[in-house]
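The values are calculated or read from the model by the stated rules, or taken from the named source; none is laboratory data. Being a predicted model, the structure only gives us computed values, none of them experimental. Because the Cβ atoms are built from the backbone with ideal geometry, glycine has one as well, and the counts that use them run over all protein chains shown. Side chains included, ligands, DNA and RNA excluded: accessible areas come from the protein's heavy atoms. Shrake-Rupley method; radii C 1.70, N 1.55, O 1.52, S 1.80 Å.
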Amino acid sequence: MNPEALAPYNSYGSPLFVSLGYYLDYPFRCRDCGQAQVWRAAQQKWWFEVAKGQVNSTAVRCRSCRAKDRQARGVAPPRAESGQESE
């Protein structure tokens, strides 16, 4: 993980992945369908370092529920860079 690639954040402490120096797979349950999921380390790297997501954010929806949510809001999916999936 590259802390210099993160979006600026104003916090008293660093997120765990910054302190560790690497990302960990993060299990979660989709807030819409309730299905058990895993937010993979590679997906987190893309989210935080490429898409510049907020460092305190986490995954809350599975892929299909994210697509339904984006469609309902009329929002285009994020573009993946260098072949990385956009999760």
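Taking only alpha carbon atoms, the chain gives an Rg to Rh ratio of 0.97, where Rh is the Kirkwood radius. Basic side chains Lys and Arg get +1 at the Cβ, acidic Asp and Glu get -1 at the Cβ, and with that the dipole of the chain about its Cα centre reaches some 400 debye. Of the residues Arg61, Arg31, the one with the largest accessible area comes first in the ranking Arg31, Arg61, computed with a 1.4 Å probe on protein heavy atoms.
Taking label points 7 Å from Cα along the Cα-to-Cβ direction, Arg40 and Ser64 give a separation of 1.9 nm. Identify, among Ala59, Gln71, Asn10, the residue whose Cα sits farthest towards the positive end of the charge dipole of the chain, taking +1 on the Cβ of Lys and Arg and -1 on the Cβ of Asp and Glu, with the dipole about the Cα centre. So the residue we want is Gln71.
For segment 1-73, the solvent-accessible area with a 1.4 angstrom probe is 68 square angstrom per residue. Between Gln71 and Phe28, what FRET efficiency comes out of the Förster formula 1/(1 + (r/R0)^6) with R0 = 30 Å and r the beta carbon distance, rounded to 0.05? Efficiency, rounded to the nearest 0.05: 0.90.
Phi-derived couplings, Karplus 6.51 cos²θ - 1.76 cosθ + 1.60 at θ = phi - 60°, listed residue by residue for segment 31-38: 6, 8, 9, x, 6, 5, 9, 10 Hz, with x used for Gly and Pro. Shape index of segment 25-66: Rg/Rh, with Rg the Cα radius of gyration and Rh the Kirkwood radius from the inverse mean 1/r over Cα pairs, equals 0.97. For the chain, what % of the accessible area comes from carbon and sulfur atoms, probe 1.4 Å? That fraction is 50 percent.
The slack between Val50 and Ser14, meaning 0.36 nm per residue of separation minus the straight C-alpha distance, is 11.1 nm.
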